[in-house]
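Q: My structure is below; once you've seen it, I'll send some questions.
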Amino acid sequence: MSGSEQSDDGTEPKQELSIKPGMAGAVPATAPEDDPQKKRTDYNRLVRTARLANLLLEKVDFKILPDALGIKQSLLTRSLTPTTKVMSYGITDGTCVANVLWEVTFKYKNKNVVRCAASYIVSYDGIKECTEETVGVFLEHVGKVATYAYFRALYAHLDWSANLGSQPLPVLQLQPKL
């Protein structure tokens with residue numbers, strides 16, 4: 001019976017398994033890339049060996065509508081959004097680079113009345129024996145934490161300069177899921 005034929009009862013035929021000598025009782029091994037413990041070990045090694053090489057403020061965009069000045073803070077809805085784009089994984093040269101964009105907006109009745117966006121370029125040296133996935137997780141978490149302190153201070157200064165009086169941005173705590 002070929003693979004496309006059906007058995008007499010109309011069901012798909014059962015496929016036969018062939019066991020090669022020495023394979024009896026063998027359990028398929030998971031690929032090393034799928035092993036959560038290995039991912040955790042690789043990530044922790046990367047955290048220990050990587051060193052911040054550069055952190056550069058690339059661009060700032062701050063906009064405030066005059067409407068924002070007369071609104072009570074309790075009526076505003078704040079949104080904080082980070083975006084990380086890996087520019088280089090550093091697999092060949094040992095330096096990974098990412099662009100981290102932070103944006104905070106305040107809305108009043110579904111209208112943005114305050115917006116502050118800052119783009120940072122962050123790079124780390126000491127990248128070795130890592131997968132792109134591990135470096136990506138590292139930049140997503142460690143790169144964000146490194147840049148957030150600068151963004152938080154920048155926003156506090158702009159908020160003060162514009163006399164907004166908004167609450168300080170929250171303290172950031174990230175735990176990578178490995």
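No lab work stands behind these numbers, since they all come straight from the coordinates. Treat the numbers as computed from the prediction; the structure is a model and nothing was measured. Counting neighbours? That spans all protein chains shown, and the Cβs are built from the backbone with ideal geometry, glycine included.
Q: Pairs 38/85; 59/107; 39/144; 85/128; 39/59: which are spaced more than 27 Å apart, C-alpha to C-alpha? Please report the intermediate quantities before stating the final value.
A: On the way: 38/85 24 Å; 59/107 22 Å; 39/144 20 Å; 85/128 20 Å; 39/59 34 Å.
Flagged as over cut-off: 39/59.
Q: Counting only other residues whose beta carbon sits under 11 Å from that of residue 94, what net charge do I get with K and R as +1, D and E as -1?
A: The answer is -1.
Q: Follow-up. Please give me the summed charge of the neighbours of residue 105: other residues whose Cβ is under 14 Å from its Cβ, Lys and Arg +1, Asp and Glu -1.
A: So the surrounding residues net to +2.
Q: Can you pull out the trypsin sites (Lys or Arg not before Pro) in the range 92-173 whose DSSP state is coil and whose Cβ has at most 15 other Cβ atoms within 10 Å?
A: Here the trypsin sites (Lys or Arg not before Pro) that fit, given the DSSP loop and packing criteria, are 109, 128.
Q: Suppose we take every Cα in the range 36-161 and form the convex hull; what volume per residue is that in Å³?
A: 120
Q: Still on this structure: How do 66-73, 129-136 rank on mean C-beta neighbours within 10 Å, highest first?
A: Listed from highest to lowest mean packing, they are 129-136, 66-73.
Q: Quick one: if you stick a label point 7 Å off each Cα along the C-beta vector at residue 44 and residue 149, how many nm between them?
A: Each label point is offset 7 Å from its Cα along the Cβ direction, giving 2.4 nm.
Q: A follow-up question, please. Say R0 is 30 Å: what FRET efficiency, to the nearest 0.05, do residue 132 and residue 54 get from their beta-carbon distance? Provide the component values of the computation, followed by the final result.
A: Values: r = 20 Å, r/R0 = 0.68.
Efficiency, rounded to the nearest 0.05: 0.90.
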